[in-house]
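Here's the structure, in structure tokens; my notes come after.
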Amino acid sequence: MNILEQKLIYSTLHKVYKVVLQKALTNKSKSQCLVKVLQEFVDENDESEEFCNNESS
């Protein structure tokens, strides 16, 4: 991925994450749900990464 692509993806992720974070902060259960989803993303193994790669194609 080149620098321009990285910047575009970062910008998109940043915009989406800001909205998601504001929504998650409206109550404790939404916050916990977001933490769980993000932790699962961090913890995923190579098999899950292959799934993500297939989804984007």
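We did not get these values from a lab; they are worked out from the coordinates using the rules stated. All of these numbers come straight from a predicted model, not from anything done at the bench. Cβ atoms come from the backbone with ideal geometry, glycine included; neighbour counts cover every protein chain shown.
Using a cut-off of 19 Å between alpha-carbon atoms, which lysines can reach Lys36, once sequence neighbours fewer than 8 places away in the same chain are excluded?
Within reach: Lys18, Lys23, Lys28.
Could you check the spin-label model distance between Phe41 and Leu8? Points 7 Å from the Cα along Cα→Cβ, value in nm.
Between Phe41 and Leu8, the simple spin-label model gives 2.0 nm.
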